[in-house]
Each structure stands twice: as C-alpha cells, then as structure tokens.
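The block underneath contains the structure these notes are about, expressed in structure tokens.
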Amino acid sequence: MTKKWWKEAVVYQIYPRSFKDSNGDGIGDLRGIIEKLDYLKELGIDVIWLNPCYASPNDDNGYDISDYYQVMPEFGTMEDFDELLAEAHKRGIKIVMDLVVNHSSDEHKWFIESRSSKDNPYRDYYIWRDPRDGKEPNNWGSFFSPSAWEYDEKTGQYYLHLFSKKQPDLNWEHEPLRQEVYKMMNFWFDKGIDGFRMDVINLIKKPIGLPDSKLPHNTAEGYVFDPDLYANNPGLLEFLQEMNRNVMSKYDCMTVGETVNVTPEIALNYVKEENKALNMVFHFEIMEIKENFDLVRFKEIQQKWYDGVMKKGGWNSQYLNNHDQPRQVSIFGNDKEYRLESAKLLGTMLHTLPGTPYIYQGEEIGMTNCQFTSIDEFNDIHARYLYSQMLKKGTSSEEALSWLNNYSREHARTPMHWDNTENAGFTTGKPWLKINPNYHKINVKDALKDPNSVFYHYKKLIALRKANEVMVYGDFHDLTPTHKEIFAYTRSLNGVEWLIALNFTSDNKELDLGRSVEGKVVLSNYPDYLGKGQTLNLRPYEAVIIEK
Ligand code: ISL
Ligand code: CA
C-alpha cells in the first residue's frame, strides 16, 4: 500500500457559520477560526476541511455559490482567508476547501447571463429544456423541492435543479464550463490550499437524454426523487480524470468526493490509484442505517468497503457524522447516562477502523442532538422540505417534528460550545441558530480542565495514530462479524497486532473470543481492564485497545 500524508492524517471539519463568531454579529467567521487554531493544534489534527466560505445568498448555507472567487462577506475578507491559511500552515495544519460545482447559485453571474436569453453565450452553462406537454421536461424530483425543474417565463424553458431552485445545475457537457471550474480550482490551489472535498461530485454527469425515472412517484406532488438515476452515470470518471489532469495532478493535494448512491465497486473506480481521479469518497451506507442502527449490518458495511476498496488499491474515509447528519453520540451511542463512555467508544472506533478519520466540530467534546420545539426554529432548507413532505403525506406535525428532533441535519449546525457563559462563548451577539442548552455541561473550557474528558481521549487517539503505523496501514480483521453487541477486530502490521474491543450496550458483556485477549492496554475509556485469557469482559460502552 502506497504511503500518503492524507492516509495518515486526521481531518477536522469546520462549519464556519457555527464555529466561532469574532465580531458579535451572531455568525461564525474566518477570524473566529483563526482564534481557535491553537485549540485545534492542541487536539492534534492535521487537516481542516472548511464547509463553503464563498459568496452566497445562503439559500443552502453556502452550498449555493454566487462567486467562487470571493469570500462570503459574513465570514470575512480574502485577506482573512489568506491569514487563516498562513496561520494554519504555520501550525502544520492543512486546509481543504469545499468544492461545489454540481450547481451554483441562481445569483451567480453565469446564471444571470444564462437566463437572460436563449442565445446568450452562458446559456449552455446550465441545463435548459423545453416544456413537455406544457409541463416539466421529465418526472424528476429534487432533494429540496418536489420537482427538479423550474420554469423561467423570460425564455419559456425550464432549468434543472437537483437541489433548491436557487441552485441551478451546471452543465458539465459544456467544455467552457469545465474549463472555468478548473481555472477556479487552480486559483485556490495557487493560493496554497491543500485539497478539496467535492460536493455531490458524482451527480455532475447526467444520464444521456435525461430520461424519466421508472420508479413509482415518491413525492406528495407526484414527482420521482431518484438519486440512483442522477448519480454515477457513464462518463463521470472521464470528467474526474480530466479535472485531475488539469488541476490535482499539479499539486501535492488531497481530494475526497461526496458521493451519493455508491457501492464499493462503483467507488473503487473513482479512487483506485491507477485511475487518477479522486483519493477517497464519502459514502452514505453507514448514514443509511442511522434510523435503525444494527451493529451486524454496520460491520458488514465496514468489511465490504475494506475488501472492495482498500484491498483493491483504493482508500476509504471514516465518518460518523458531519454537517448533514445528527450528532453521532445521539445516534450510535447513548447521549444520556453513558455519554462520555460512548462518545469515547465512537472516537476509538473512528480512529482504528481502516481509512482516514473525519471529526466533525463538537464531536471531540461529545456534543449531542438539540431538541427543537417548533418547525420555526429550523433554518435548514432540507429540514423544512422534509417536514412539509411529511405533513402532505399525512404525518402529524408532532411526529414530523419528532423525526427532525432525532435525524435532521440541524443538530450538527447549532453553534459550537466554547464555555458555559451566555451563548456558549460562541458569540457576544444573537446567535444565528438556536444553541443547545446543554452547553452548561458540555463545552470546550470544561473539557480542557478535565483529564477524563472526551477531548483528551480524542487527543490521545490522534497522537497514537501518528506514532503507530498499524492504525493507518494495518490489516483489518473482524473477529465478531455476527455479534450484535460487541465489535472486536484486529489491526496488524509488521508483527505488531492491536486488538480493539467495543461494547455497544449499556450492560456488562462477556465474550469468549477464542483467542487471547491479554496484552498491554494502549488506550481505554475505563481505568482498568478486565479481559482474561480468551474472555473479554466489557462494561457499558467500554472501548479498549490492546497490544499483543
Ligand atoms: O443532507 C442530506 C441528508 O440529510 C442529503 O440529502 C444531502 O443533501 C446530500 O447528501 C448532498 O449534500 C451536499 O450537497 C447539498 C448540501 O445541502 C449539503 O450540505 C452537502 O453536504 C447541496 O449542495
Ligand atoms: Ca461574525
């Protein structure tokens, strides 16, 4: 397996709007991030992935970009960005930006030109079609609205938007558009950034002829939301390879593609070294089981991605939450009596499974889901859309709100908890989004004072990953593929073998592993270790790493 810095790195994701506000307007910003770089250095992470911080009308919090060359004024200036980059680099921290080029904002100058007339030179930067029988050109549903098409009076055609109508899809078939994207990427690389996380990158190639989905309709309005049809179309790899030749091949950078509806077989094409496209992808298979978490299924997914990608010349990412997901400890752990233990267990797993670990801001202090009392408290376009669809399909508003209170992406977006002063030390003004009231007991300041905190557990895991190649390059072997409550596996490299044992329940569990469980405790979330002979003896959410 080829050694690469991005395989060895630990990535920390920052959602700038909710990280730290430096000027009291209630919105996190780049200077806020600069203030907290020493905190991140203390944690030990290697790379920051910044959610979009380009100019945007914020219909989808920065995923609707109106100028790829400008910093969102609410977040600061280009000078602030340059300073952030320089200050991060000074501390040995790399910066990865978000690349959002499946769509732009409808307020981008390309789209303003494009919609102005059928013969405008920018017309083909987007996907325009004539009406079919006076209606939408096909039956496609969007992620954020019933139909994926919006009619434009001026020219009498529809434009495609797989996300909101303020996020028109870019037309990747049009060579000048592709060249503009590569030019923009080179601009940011020439500034010195270290890579891109590529938003829904496997949607950029649409199926030829934009055929109707054959599935039964699944929106209340009769459209068909069918991401399988929109994703992974023939020709996508060629686009990624062209991008790589024009951009990535020129820099020592990392790329991670956010890819919906991928299997290991599909993803391998995008990430295997000889294909010269991407370095790794984020897949959604773990997220798809969050509503019905099943440890056996979880292990199957891990094994499948290990065998199907890592063993075949590709690389994986590992994440348990991000800005689109609920908080991991509330979903996969126990955010009540075993919050500390289970947050540490999940961190232990994240850093010891094969692949590059991605930490989402606040995860390192065990932040939890937030309870919202009304739909009006939600800012997120996706949460609001899902709520309206649920109501139209007959779900009661109580049930719909309760679903959002478990699974919506707003949980990740409530501001970071820095201390237990007003507004969690996030802002001196009025925060743009509700702050989770539990900041009084879950916050960075207290975590830094407590040697037993989740923070120090993460810090140790990150340091261990730097000092022990076995955590990065070691072979993975699942010892308990069918066990519903315990996950025990080994990583081994050049004669070093680590046993990782995780108890996913709130009870004591014993298990005869059929092999020795004894050795040196590398790290644990309990003060002692009870494993003897071949028998694991694990307390609630106990997570232990043993070196044989
Ligand atoms: O957010 C989701 C589930 O809660 C997904 O459906 C999400 O929209 C999808 O994974 C694509 O996400 C990415 O592109 C979106 C943006 O809203 C997300 O924040 C981003 O991660 C459109 O740019
Ligand atoms: Ca601010």
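The values are calculated or read from the model by the stated rules, or taken from the named source; none is laboratory data. All figures in this text were calculated on a predicted structure; none of them were measured in a lab. In this analysis, Cβ positions are derived from the backbone assuming ideal geometry, glycine residues included, and neighbour counts consider all displayed protein chains. Please note that ligands, DNA and RNA were not included when accessible areas were found on the heavy atoms of the full protein model with its side chains. Shrake-Rupley method; radii C 1.70, N 1.55, O 1.52, S 1.80 Å.
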Handout entry: Extreme residue, least open to solvent (accessible area, probe 1.4 Å), among residues of the range 503-525 that are closer than 20 Å to His483 by Cβ and in contact (Cβ under 8 Å) with a residue 60 or more places away in the chain
Key = Asn503
Practice task
Output yes when any residue across the range 343-352 is within 16 Å of ligand 2 (Cβ to nearest atom) and crowded, with 22+ Cβ neighbours inside 10 Å, and no when none is.
Solution key: no
Exercise for the section: Please specify each residue of the range 1-27 satisfying the condition of being within 16 Å of ligand 1 (Cβ to nearest atom) and in contact with a Ser or Thr (Cβ under 9 Å, 6 or more places away or on another chain). Expected result: Val11, Ser18
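Based on what the data block shows, is Asp25 in a loop (DSSP other than H, G, I, E, B) and either more than 20 Å from the chain's Cα centre (by Cα) or within 30 Å of Lys312 (Cα to Cα) (or both)? First the steps, then the outcome.
Details: in a loop (DSSP other than H, G, I, E, B): yes; either more than 20 Å from the chain's Cα centre (by Cα) or within 30 Å of Lys312 (Cα to Cα) (or both): yes.
Criteria met by Asp25.
One line per residue, one yes/no per condition, for (1) open to solvent by less than 30 Å² (accessible area, probe 1.4 Å); (2) within 19 Å of Glu258 (Cα to Cα); (3) within 16 Å of ligand 2 (Cβ to nearest atom):
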residue	(1), (2), (3)
Gly195	yes, yes, no
Asp199	yes, yes, no
Asn202	yes, yes, no
Pro211	no, no, no
Lys214	no, no, no
Glu221	no, no, no
Asp226	yes, yes, no
Asn232	no, yes, no
Exercise for the section: Residues being more than 13 Å from ligand 1 (Cβ to nearest atom) and open to solvent by 70 Å² or more (accessible area, probe 1.4 Å): count how many of those fall in the range 380-390. Expected result: 0
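Search the range 465-497 for residues being of a type in the set (A, V, I, L, M, F, W, C) and either within 16 Å of Glu42 (Cβ to Cβ) or surrounded by fewer than 17 Cβ atoms within 10 Å (Cβ to Cβ) (or both), and hand back the single one that is nearest to the chain's Cα centre (by Cα).
Applying the first criterion (of a type in the set (A, V, I, L, M, F, W, C)) to the range 465-497 yields 467, 470-472, 476, 479, 486-488, 493, 496.
Right, trim to either within 16 Å of Glu42 (Cβ to Cβ) or surrounded by fewer than 17 Cβ atoms within 10 Å (Cβ to Cβ) (or both) and you get 467, 493, 496.
Values: Ala467: 26, Leu493: 29, Val496: 32 Å.
Taking the candidates together, the pick is Ala467.
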Exercise for the section: Give the range 193-237 a look and list any residue that's closer than 21 Å to Pro264 by Cα and among the polar types (S, T, N, Q), or say none. Expected result: Asn202, Asn232, Asn233
Practice task
Those residues that are within 16 Å of ligand 2 (Cβ to nearest atom) and not aliphatic (A, V, I, L, M), I need them from the range 55-64; list them, please.
Solution key: Ser56, Asn58, Asn61, Gly62
Practice task
Return yes or no: is Val224 farther than 21 Å from Pro131 by Cβ and either among the β-branched types (Val, Ile, Thr) or not assigned by TED's automatic domain parsing to the domain that holds Lys392 (or both)?
Solution key: no
Exercise for the section: Output the residues belonging to the range 8-49 that are open to solvent by less than 10 Å² (accessible area, probe 1.4 Å), within 15 Å of ligand 2 (Cβ to nearest atom) and in contact with a helix residue (DSSP H, G or I) (Cβ under 7 Å, 6 or more places away or on another chain). Expected result: Ile14, Tyr15, Pro16, Ser18, Phe19, Asp21, Gly28, Asp29, Leu30, Ile33
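Scan the range 351-362 for residues that are of a type outside the set (Gly, Ala, Ser) and more than 14 Å from Asp324 (Cα to Cα) and jot them down. Don't jump to the end; show me each part of the working.
Of the range 351-362, the ones of a type outside the set (Gly, Ala, Ser) are 351-354, 356-361.
The answer is His351, Thr352, Leu353, Pro354, Thr356, Pro357.
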Problem - Failed criterion for Lys183 (all others in (1) in the same structural domain as Phe282 (by TED's automatic domain parsing); (2) in contact with a strand residue (DSSP E or B) (Cβ under 9 Å, 6 or more places away or on another chain) hold) - result: (2)
Practice task
State the number of residues belonging to the range 493-510 that are in contact with a helix residue (DSSP H, G or I) (Cβ under 8 Å, 6 or more places away or on another chain) and among the hydroxyl-bearing types (Ser, Thr, Tyr).
Solution key: 0
Handout entry: Members of the range 304-319 found to be assigned to a loop (DSSP other than H, G, I, E, B) and either modelled with pLDDT under 95 or in contact with a strand residue (DSSP E or B) (Cβ under 8 Å, 6 or more places away or on another chain) (or both), listed by number
Key = Gly314, Trp315, Asn316, Tyr319
Practice task
Go through Asn322, Asn292, Asn334, Asn275 for me and flag whichever is free of Cβ contacts under 8 Å to residues at least 24 places away in the same chain and either closer than 30 Å to Glu42 by Cβ or open to solvent by 10 Å² or more (accessible area, probe 1.4 Å) (or both).
Solution key: Asn292
Fill in the blank from the handout: When every residue in the range 409-453 that is within 16 Å of ligand 1 (Cβ to nearest atom) and of a type in the set (Lys, Arg) is compared, the one most open to solvent (accessible area, probe 1.4 Å) is Arg409
Exercise for the section: Given the conditions (1) more than 30 Å from Ile127 (Cβ to Cβ); (2) open to solvent by 10 Å² or more (accessible area, probe 1.4 Å); (3) away from ligand 2 (no atom under 14 Å from the Cβ), report the number of the one that Asp67 does not fulfil. Expected result: (1)
Exercise for the section: Would you please name the residue that is nearest to ligand 1 (Cβ to nearest atom), looking only at residues in the range 152-170 that are over 18 Å from Ile201 (Cα atoms) and among the aromatic types (Phe, Trp, Tyr)? Expected result: Tyr159
Handout entry: Options Glu377, Glu363: the member that is open to solvent by 20 Å² or more (accessible area, probe 1.4 Å), of a type outside the set (A, V, I, L, M, F, W, C) and closer than 27 Å to Phe426 by Cβ
Key = Glu377
Practice task
Could you grab the pairs with beta carbons closer than 7 Å, sequence gap of 6+ or different chains, first residue in the range 485-498 and more than 23 Å from Val296 (Cβ to Cβ), second one of a type in the set (Ser, Thr, Tyr) and open to solvent by 10 Å² or more (accessible area, probe 1.4 Å)?
Solution key: Leu493/Tyr473
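Output the residues belonging to the range 252-266 that are buried (at least 16 other Cβ atoms within 10 Å of the Cβ) and not aliphatic (A, V, I, L, M). Explain how you work it out, then say what you get.
The initial filter retains those residues of the range 252-266 that are buried (at least 16 other Cβ atoms within 10 Å of the Cβ), namely 253-262, 264, 266.
Across the range 252-266, the qualifying residues are Cys253, Thr255, Gly257, Glu258, Thr259, Asn261, Pro264.
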